[in-house]
1. Scanning the stretch 148-174 for residues that are farther than 29 Å from residue 324 by Cβ and crowded, with 19+ Cβ neighbours inside 10 Å, which turns out nearest to the ligand (Cβ to nearest atom)?
2. Inspect all residues belonging to the stretch 237-252 and state whether any of them is touching a residue at least 12 places away in the same chain (Cβ under 8 Å), surrounded by 23 or more Cβ atoms within 10 Å (Cβ to Cβ), within 16 Å of the ligand (Cβ to nearest atom) and on the phi < 0 side of the Ramachandran plot.
3. Give me the residue from the stretch 120-142 that is more than 18 Å from residue 6 (Cβ to Cβ) and more than 12 Å from the ligand (Cβ to nearest atom) and, out of that set, surrounded by the fewest Cβ atoms within 10 Å (Cβ to Cβ).
4. Residues of the stretch 304-313 being in contact (Cβ under 8 Å) with a residue 40 or more places away in the chain and either assigned to a helix (DSSP H, G or I) or surrounded by fewer than 20 Cβ atoms within 10 Å (Cβ to Cβ) (or both), which ones?
5. Contact list please: Cβ distance under 8 Å, first residue in the stretch 356-379 and farther than 24 Å from residue 292 by Cβ, second residue surrounded by fewer than 12 Cβ atoms within 10 Å (Cβ to Cβ), pairs at least six apart or on different chains.
6. Suppose we filter 316, 322 for residues that are surrounded by fewer than 24 Cβ atoms within 10 Å (Cβ to Cβ), out of contact with any helix residue (DSSP H, G or I) (no Cβ under 7 Å at 6 or more places or on another chain) and modelled with pLDDT of 95 or more; which single one remains?
7. Working carefully through the options 251, 236, find the one that is touching a helix residue (DSSP H, G or I) at 6+ places or on another chain (Cβ under 7 Å) and within 30 Å of residue 373 (Cβ to Cβ).
8. Quick one: which of 81, 113, 11, 48 is crowded, with 22+ Cβ neighbours inside 10 Å, in a loop (DSSP other than H, G, I, E, B) and within 14 Å of the ligand (Cβ to nearest atom)?
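The values are calculated or read from the model by the stated rules, or taken from the named source; none is laboratory data. Since the model is a prediction, treat every value here as computed from it, not as a measurement. Ideal geometry is used to build each Cβ from the backbone, glycine not excepted, and the neighbour counts take in all protein chains shown.
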Ligand SMILES: NC(=O)c1ccc[n+]([C@@H]2O[C@H](COP(=O)([O-])OP(=O)(O)OC[C@H]3O[C@@H](n4cnc5c(N)ncnc54)[C@H](O)[C@@H]3O)[C@@H](O)[C@H]2O)c1
């Protein structure tokens, strides 16, 4: 059986690597550079080893392509393209639209189309299906299903195999075929009664995280104002064996999911006249953290950051990955520069970002730790500047937390 996966990023390539063990996989991506790299066996995604990719390429089980025509005889097509926000922070379905175009214009036989991209309830039924039909020249009756992705890049304890996967088809046949497909490489499949429930569950999972992160970020500010340790307080609360889940403070939220997905839920809620007050406020609190941190750093350093050499340590949005999408480091750097600081950053995993390169971990007036990768030595961070502010909670002995 031949499977096409549209979008070869974090989600699409991860699925491709698992699926290639059981199916012939076409990894379709609109970025020719990524396609060339993948066909030479080089993975650009943490968690997908180049050695495994090379094995599948050599065995003829995996081929990347930017030519829509290459998906023409696939029996299953998985959509794994970005679902970002527009500049005015509304759901942007343009990448899904373009994936639908590729499917509509190239699939001439009925196939099973599964969406893994995160979007609001109704996307499969009211957008994907009609859009593919609109782009199709031949009248083809595809089967449609949703199975929202839960991959956590860089994580080794939970993967495609042991992370329970939700799914639902638009018809019982679509559900059954979707189950058959994923059961090859996923141990725990959970069917829900409609695609809308699966779509909403994915958004609610990430909204739960977003709101709890905002709550702990606000609590970090409360604890500081009360002169108590936020970390000790959280550890104390966490001794309760039920009804509490520990989240830790940070400089904000980053990545493709937590800062974005809840806004998809808020948008659809407000469209239906339902309130989304928690989501909107949580977003504000998380965005405001960067400003709060810069204010604290300034207060601890004589009230001004003018011409201070400040090193931001870790610009990836989370530890041990190179992903800088929506990283909180961006806002921290902007606020520091607005205060007149001379800012450089250190992150050897990211390497280069926004036309700048990682600088050595030394010689600064102030260091602000946004993300602490496991490979970065705590002692070196503490030695990099006479004043270190740690937003990660991982640098024992920092001057400010
Ligand atoms: N990254 C995660 O941790 C994660 C987890 C769960 C769900 N998701 C969701 O999965 C979806 C994909 O996210 P991602 O992180 O894999 O994105 P990504 O940016 O890593 O990869 C997307 C890929 O799609 C390609 N692409 C864009 N438009 C295309 C098109 N029309 N045709 C073919 N290729 C196209 C891009 O070139 C890119 O390589 C999003 O909806 C996201 O919210 C992501």
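1. In the first step, residues of the stretch 148-174 are kept if they are farther than 29 Å from residue 324 by Cβ; the result is 164, 167-174.
Keeping just the survivors that are crowded, with 19+ Cβ neighbours inside 10 Å gives 167-170, 174.
Working: 167: 14, 168: 16, 169: 19, 170: 19, 174: 20 Å.
Among those that are farther than 29 Å from residue 324 by Cβ and crowded, with 19+ Cβ neighbours inside 10 Å, it is 167.
2. No, the conditions are met nowhere in the stretch 237-252.
3. If we filter the stretch 120-142 for residues that are more than 18 Å from residue 6 (Cβ to Cβ), which is where we start, we get 120-122, 125-126, 137-139, 141.
Those still in the list that are more than 12 Å from the ligand (Cβ to nearest atom) too: 121-122, 125-126, 137-139, 141.
On the way: 121: 22, 122: 15, 125: 16, 126: 12, 137: 8, 138: 8, 139: 6, 141: 9.
Within the stretch 120-142, the match that is surrounded by the fewest Cβ atoms within 10 Å (Cβ to Cβ) is 139.
4. Step one: of the stretch 304-313, the residues in contact (Cβ under 8 Å) with a residue 40 or more places away in the chain are 305, 308-313.
309, the sole residue that qualifies.
5. Here the result reads 357/351; 358/351; 358/352, each pair linking the stretch 356-379 to a residue that is surrounded by fewer than 12 Cβ atoms within 10 Å (Cβ to Cβ).
6. On the way: 322 fails: modelled with pLDDT of 95 or more.
Every option except 316 fails the conditions.
7. On the way: 236 fails: touching a helix residue (DSSP H, G or I) at 6+ places or on another chain (Cβ under 7 Å).
Only one candidate passes the filter, namely 251.
8. Values: 113 fails: in a loop (DSSP other than H, G, I, E, B); 11 fails: in a loop (DSSP other than H, G, I, E, B); 48 fails: crowded, with 22+ Cβ neighbours inside 10 Å.
Step by step, each of 81, 113, 11, 48 is checked, and only 81 is crowded, with 22+ Cβ neighbours inside 10 Å, in a loop (DSSP other than H, G, I, E, B) and within 14 Å of the ligand (Cβ to nearest atom).
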